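Trainee: There's a structure below that I have some questions on.
The values are calculated or read from the model by the stated rules, or taken from the named source; none is laboratory data. Since the model is a prediction, treat every value here as computed from it, not as a measurement. Reconstructed Cβ throughout: ideal geometry from the backbone, glycine too, with neighbour counts over all protein chains shown. Areas reflect the complete protein model, heavy atoms only, side chains present, ligands, DNA and RNA absent. Shrake-Rupley method; radii C 1.70, N 1.55, O 1.52, S 1.80 Å.
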Amino acid sequence: MSLKNIRITGFKVTDIRFPTSLDGIGSDAMHQGTNGSHPFLELYTNDDKVIGEGIAFSNGRGSELVCAALEIFAERVVGKSLHSLTENMGNTWRYMVSDSQYRWIGPEKGVTHLAVAGVINAIWDLWGKVTDRPVWKIVADMTPEELVRCIDFRYITDVITPEEAIEMLKKTQVGKEKRIQEAFDNVAVPAYTTSPGWLAFSGDRMKEVLRETIAQGFTVFKFKVGSDLKSDKERLQAVRDIIGYDEKYQIMIDANQIWSVPEAIEWMKELVQFKPIFIEEPTSPDDVLGHATIRKALKPYGVGVATGEMAANRVIFKQLLQADAIDVCQIDAVRLGGVNECLAVMLMALKFNVPCVPHNGAMGLTELTSHLSNIDYICVSGKKSMLEAAESYRENLRHPSVIKNAHYVTPLAPGYSTGYVPGAIEKYVYPNGTFWTSEIGEKIKRAPKGGEGLLSDD
């Protein structure tokens, strides 16, 4: 099927929300009562059998804003041929962020950037379906020069130039075929799990899920912290009572931006006794120098700093790397501007010798990042890392990620592993899906929104 013969003729945007607040999935020190949501885009083409599908992500409220932005940005690709969009993906990405009036409410960050990610990811999905390849294989089939053409280098050439990136990628070509075979053998992407670590879990529930994930073969676990120091200590002690302190099992902890910089340092000095590999998002995601200060303070204790899931764009990542502020680079498949901007950050992370460990934590994201982790390992860094896994409402996904022997099963279906099983959209479309109009759905709609008690009632 020729790319020139496929033309985008229209689109549909759907607000899909899953009631993850029912079981505490996604709960952390900053986010309570979250309902993992997919602002979902379908790109229709002149071939009825081929539809490009893409998602953004939100925690519930706010999804309607992303959907409104998707309507605006998807319109920019209507009438375009798939060939014109993919022959130079760097130019396509620049085109998508170049609306001079909508840039004013970004630029390249926030709701508009989430929408750009949804459109860009849908284009990659369409490209994969038309060429009968998963997205990771599209990139694996590229030469260094072709991969670099996918990236908009504006704002990052002080750290890496296209020419430098090509030379780096040429070095990574060594051993590439072996790494591709590892992907087909499902051993390219080791998994760690957050499933026991949600903050809303009771102590007994946490221990139950921890034992279940150990039985599944996991050896690396992540736990949410930051709402109460005494509770954090009790939970982490319970974890260590089960897994011990030998090198077989490792833990990470995640504060989800809850602390100020001094508070993060003091709180972490109380938690270093539990030997976490790193603390994730210890403070505001925009505070580059704050992360650098925290990293410097924790380095003597052997605890690293990870962040990135809320990093708005490649510029924030550039500064985090320049400031020696992070030990782990956590790209997000839908907060950055889709595959293209993720590639830019992967290359910068490689230059600074910082491992790229994508953020997940929810259904739909693990499906995308399993492609990104394969791309980083096979095409960019050549170094095996790890990828977060968390179970939640995955039975609704057409291409759910699969973990076997604590490794991701490499996605092989054409496209970007996006879409839903029959009936899922009708059930979870917001606000009028069959779940959301049920008694429990209506109750969730009326749940507290946060900040209650901060203001007086007079």
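Trainee: With a point put 7 Å past each Cα toward its Cβ, work out how far Ile425 is from Lys176 in nm, to one decimal.
Mentor: The two pseudo-label positions are separated by 3.7 nm.
Trainee: Then there's this: Would you mind checking Lys318/Lys449; Lys275/Lys318; Lys49/Lys427 for any pair whose Cα atoms are more than 32 angstrom apart?
Mentor: Lys318/Lys449
Trainee: For the chain, what does -39500 (n - 2.57) per DSSP helix run (n ≥ 4), summed and divided by total residues, give at 222 nm, in deg cm²/dmol to the nearest 500?
Mentor: Counting only the DSSP helices, I get -11000 deg cm²/dmol.
Trainee: What accessible area per residue, rounded to a whole number of Å², is obtained for the chain using a probe radius of 1.4 Å?
Mentor: About 40 Å² of surface per residue is accessible.
Trainee: If you don't mind, another one. To make sure I understand the rule: partners must be aspartates and glutamates, Cα under 16 Å from the Cα of Lys170, and not fewer than 8 residues away in the same chain. Which ones qualify?
Mentor: Result set, ordered by chain and number: Asp141, Glu145, Glu146, Asp376.
Trainee: Among the listed pairs Lys233/Lys296; Lys178/Lys222; Lys269/Lys296, give every one whose C-alpha distance is greater than 19 Å.
Mentor: Beyond 19 Å: Lys233/Lys296; Lys178/Lys222.
Trainee: Now for a separate question. Can you list the aspartates and glutamates whose alpha carbon sits under 16 Å from that of Lys445, skipping same-chain ones fewer than 8 residues off?
Mentor: Within reach: Asp15, Asp23, Glu64.
Trainee: To continue, here is another question. What longest range of the chain stays clear of loop-exposed GluC sites (Glu not before Pro) (DSSP non-H/G/I/E/B, at most 15 other C-beta within 10 angstrom)?
Mentor: 248-451
Trainee: Would you mind telling me the share, in percent, of accessible area of the chain contributed by carbon and sulfur at probe 1.4 angstrom?
Mentor: So the carbon and sulfur contribution to the accessible surface is 52 percent.
Trainee: Right, here's the next one. Using Cα-Cα distances under 8 Å and only pairs 6 or more residues apart, what relative contact order does region 166-409 have, in percent?
Mentor: Over region 166-409, the number comes to 22 percent.
Trainee: For the chain, list log₁₀ I(q)/I(0) at each q in 0.09, 0.10, 0.12, 0.14 Å⁻¹, using the Debye formula over Cα point scatterers of equal strength and ignoring solvent, two decimals each.
Mentor: Values returned for q = 0.09, 0.10, 0.12, 0.14 Å⁻¹ are -0.56, -0.70, -1.04, -1.45.
Trainee: Also, quick follow-up: Using 10 Å bins from zero, what percent of all Cα-Cα pairs in region 252-350 falls into each bin?
Mentor: 17, 51, 26, 6
Trainee: Which Cα, out of Phe153, Gly118, Ala68, lies furthest along the positive dipole direction of the chain (beta carbon charges, K/R +1, D/E -1)?
Mentor: The Cα lying farthest towards the positive end belongs to Phe153.
Trainee: What does the net charge come to around Tyr95 if you take all other residues with beta carbon closer than 11 Å to its beta carbon, with K and R at +1 and D and E at -1?
Mentor: +1
Trainee: Then there's this: Over what distance in Å are the Cα centres of region 394-426 and region 209-268 separated?
Mentor: The two parts, judged by their Cα centres, are 28 Å apart.
Trainee: Also, I was wondering about something else. Cα convex hull of region 166-409: mean projected area in nm², to one decimal?
Mentor: For region 166-409, averaging the hull's shadow over all directions gives 12.8 nm².
Trainee: So how compact is region 360-458: Cα radius of gyration and Dmax in angstrom?
Mentor: 18.7, 61
Trainee: Next up: Which cross-chain or sequence-distant (5 or more) residues have an amide H under 5 Å from the amide H of Ile403, H modelled 1.01 Å from N in plane?
Mentor: It is Val409, by chain and number.
Trainee: What is the dipole size for region 166-409, taken about its Cα centre, with +1 at each Lys and Arg Cβ and -1 at each Asp and Glu Cβ, in debye to the nearest 20?
Mentor: For region 166-409, the charge dipole is close to 640 debye.
Trainee: To check you understand DSSP bridge types, tell me what percent of the beta bridges within the chain (both residues inside) are antiparallel, rounded to 5.
Mentor: Expressed as a percentage, antiparallel bridges in the chain total about 50.
Trainee: Where in the chain are the DSSP H helices whose alpha-carbon span along the long axis reaches 20 Å or more and whose Kyte-Doolittle mean is at least -0.5?
Mentor: 110-131, 338-351
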